[in-house]
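Colleague: The structure under discussion is supplied below as structure tokens; questions concerning it will follow.
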Amino acid sequence: MEFLKFASTIGNLKKIERTGWVKNNLPNPESVADHIFRVAVMAMVLAPKLKVDQNKVVKMALVHDLAESTVGDLVLDGKYANVSPEEKAQKEAAALNELLSLIDSSEEYQQLFVKYEAGNTPEAKFVRNIDRLEMLLQAAEYEKEFSTVDLSNHFETTIPKIVDPKLQSLLQQIIKMRSSK
């Protein structure tokens, strides 16, 4: 086991800025680690209420962007796309395989990532929706903080993808927060 190499590599996530915010020229954009942290906490708090496996969704939230520690924040949506969906999937899968090879008992984490990417289990659907809600919350916060920033494109491309009816009230609250800036 090469745990310290693993820990050092995932530490890169603290330095990798989220691509969508960088391309919008936001000062001090959040890091991928910042994003992962809030997704995991949101998943932890909301899981019991929405009746999904809390342990599984927190782990899935923590694993979902680990590959970005070596490949960076690869974006598919909107005008910020920097790779094709196939290229993103291939690069992230290879990076995660290499990263997880450094630690023992990595099969569970690999399976959580595969399930997240496939998006067809209740937990994966939940985490994918939380991931999107977190991004929209961050966008609304940036628009509120920087009055000249317009992140409408993030909302336009993401709102239709939040399909869980149990999360619609949170989505509506984020939209309301945005309109009250």
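Read-outs: derived from the displayed coordinates by stated rules, not from any lab. Source: prediction; values computed, not measured. Cβ sites come from the backbone with ideal geometry, for glycine too, and all protein chains shown count toward neighbours.
Colleague: Answer with yes or no whether LYS115 is buried (at least 16 other Cβ atoms within 10 Å of the Cβ), in contact (Cβ under 8 Å) with a residue 24 or more places away in the chain, out of contact with any Gly (no Cβ under 6 Å at 6 or more places or on another chain) and not acidic (Asp, Glu).
Modeller: Taking the combined requirement at face value, the residue satisfies it.
Colleague: Just to verify a result, which residue in the stretch 2-17, among those that are free of Cβ contacts under 8 Å to residues at least 60 places away in the same chain and not small (Gly, Ala, Ser), is farthest from ILE130 (Cα to Cα)?
Modeller: Taking the candidates together, the pick is LEU4.
Colleague: I'd like to check which helices (runs of 4 or more DSSP H) are fully inside the stretch 1-61 and have at least 2 residues that are of a type in the set (D, E, K, R).
Modeller: Counting at least 2 such residues, we get 32-50.
Colleague: A further question on this structure: Would you call ASP150 charged (D, E, K, R) and part of a loop (DSSP other than H, G, I, E, B)?
Modeller: Answer is yes for this residue.
Colleague: Another question, if that's okay. How about the stretch 25-36: which of its residues are over 9 Å from the mean Cα position of the chain (by Cα) and of a type in the set (A, V, I, L, M, F, W, C)?
Modeller: Those that are over 9 Å from the mean Cα position of the chain (by Cα) and of a type in the set (A, V, I, L, M, F, W, C): LEU26, ALA33.
Colleague: Considering only the stretch 82-146, give the helices (runs of 4 or more DSSP H) lying wholly within it that have at least 3 residues that are charged (D, E, K, R) and under 13 Å from the mean Cα position of the chain (by Cα).
Modeller: 122-145
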